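Presented below is the structure to which this report refers.
The values are calculated or read from the model by the stated rules, or taken from the named source; none is laboratory data. Everything numeric here is computed off the predicted structure, so don't read it as measured data. So basically every Cβ, Gly included, is an ideal-geometry build from the backbone, and we count neighbours across all protein chains shown.
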């Protein structure tokens, strides 16, 4: 018999295996079975647990397999969470692909070439902007598009009365396939010198290797000159400044220049891209860890640039189609002169960037 009972159980002098301790554990286990752990509970029935008894020194967990069932259950939960993460990743990538397909709907559609200012012309497709700058020493082309875009660009250059073979310098907004996959073909056809911002140079030279998020490849193109922020590209009467605006790609480039229209000198800004594409990860990005800092730098620079004439890597940036219609209706006006539109676009993209920074 137990000679030194306590209010909480057996005497400290008794060992856990004493008949009285076993009896108390069995009674407590029966009470718990009746009140808490029913057969219909989502976790295995717990007929193996009794309250902790400090005198007996035990939680009273029997070795009848319940702990094993619990461990198995938790492992199963972990597996399901991993599978869920995989499904979510697939969903994000699918949505990214759908968004790009939606954006691509007008990429191969021809668009009328048109004058923007003296020596500055639009020669791209409906969805992919390419710009021709003409000089007495030949021409500069910004953006080649895809290989399939090159015939559209060539036809537009010739419709304006210029020679495609006169292209001497080939530039880019950024190293994504929709802007540079045609570089090698144009270089082959014209012998143009290819100049690319540091950060995108190896991507273009390798045919798409090393770009963040995307896997599209293209024909590798020799890069003749690697640019740094503020470098000038000059041909004949035209000089462009290469401004490094990274984030969208590591070497994303915004081009600035002076152009004349109706005797007035205009400050031109051709935005590389300030967009945070679907699927871009701004926080804890192992592949592109400095991406958020790069975007911050880009918006600081874009907000500081003076702009009269607003252009971009895609015509949609500056409402190209609507402005072209205004130009056709009234050729004496220049709807591309839009400093307010430039500031509004940059601010809109900045707010979108800040929104995606939120956890």
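The single condition among (1) under 20 Å from residue 265 (Cβ atoms); (2) assigned to a helix (DSSP H, G or I) that residue 325 does not meet is (1). Does residue 168 meet the test of being touching a residue at least 12 places away in the same chain (Cβ under 8 Å), outside any helix (DSSP H, G or I) and crowded, with 22+ Cβ neighbours inside 10 Å? For residue 168, the condition - touching a residue at least 12 places away in the same chain (Cβ under 8 Å), outside any helix (DSSP H, G or I) and crowded, with 22+ Cβ neighbours inside 10 Å - is not met. Against the conditions (1) in a loop (DSSP other than H, G, I, E, B); (2) modelled with pLDDT of 95 or more, residue 216 satisfies every one except (2). For the range 309-320, does any single residue satisfy the condition of being closer than 20 Å to residue 242 by Cα, surrounded by fewer than 18 Cβ atoms within 10 Å (Cβ to Cβ) and touching a residue at least 12 places away in the same chain (Cβ under 8 Å)? For the range 309-320, residues closer than 20 Å to residue 242 by Cα, surrounded by fewer than 18 Cβ atoms within 10 Å (Cβ to Cβ) and touching a residue at least 12 places away in the same chain (Cβ under 8 Å): absent. Considering the range 204-241, and only residues there that are over 20 Å from the mean Cα position of the chain (by Cα) and touching a residue at least 60 places away in the same chain (Cβ under 8 Å), the residue that is surrounded by the most Cβ atoms within 10 Å (Cβ to Cβ) turns out to be 240. In the set (1) buried (at least 18 other Cβ atoms within 10 Å of the Cβ); (2) more than 22 Å from the chain's Cα centre (by Cα); (3) under 24 Å from residue 195 (Cβ atoms), residue 323 fails one condition alone, (3).
Which numbered condition trips up residue 118, out of (1) within 24 Å of residue 269 (Cα to Cα); (2) touching a helix residue (DSSP H, G or I) at 6+ places or on another chain (Cβ under 7 Å); (3) surrounded by fewer than 22 Cβ atoms within 10 Å (Cβ to Cβ)? It fails just one condition, (2).
Kindly establish whether residue 139 is at pLDDT 95 or above, surrounded by 20 or more Cβ atoms within 10 Å (Cβ to Cβ) and either in contact with a strand residue (DSSP E or B) (Cβ under 8 Å, 6 or more places away or on another chain) or farther than 20 Å from residue 275 by Cβ (or both). Yes: the conditions hold for residue 139.
Within the range 329-359, the residues that satisfy the criterion of being in contact with a strand residue (DSSP E or B) (Cβ under 6 Å, 6 or more places away or on another chain) and in a loop (DSSP other than H, G, I, E, B) are 334, 336, 338. Evaluating residue 205 against the criteria (1) over 17 Å from residue 270 (Cβ atoms); (2) assigned to a loop (DSSP other than H, G, I, E, B); (3) touching a strand residue (DSSP E or B) at 6+ places or on another chain (Cβ under 9 Å) leaves one unmet condition, (2). Going by the structure shown, is residue 282 part of a helix (DSSP H, G or I) and modelled with pLDDT of 95 or more? The answer is no for residue 282.
Inside the range 129-148, residues that are touching a helix residue (DSSP H, G or I) at 6+ places or on another chain (Cβ under 8 Å) and in a helix (DSSP H, G or I) make up a count of 1. Only residues that are touching a residue at least 12 places away in the same chain (Cβ under 8 Å) and under 15 Å from residue 261 (Cβ atoms) were counted in the range 321-359, giving 8.
Considering the range 255-275, the residues that are in a loop (DSSP other than H, G, I, E, B) and under 31 Å from the mean Cα position of the chain (by Cα) include one that is surrounded by the fewest Cβ atoms within 10 Å (Cβ to Cβ), namely 275. Kindly evaluate residue 246 against the criterion of being assigned to a loop (DSSP other than H, G, I, E, B) and surrounded by fewer than 19 Cβ atoms within 10 Å (Cβ to Cβ). Taking the combined requirement at face value, the residue does not satisfy it.
Taking the condition assigned to a helix (DSSP H, G or I) and more than 17 Å from residue 130 (Cα to Cα), does residue 188 pass? Yes: the conditions hold for residue 188.
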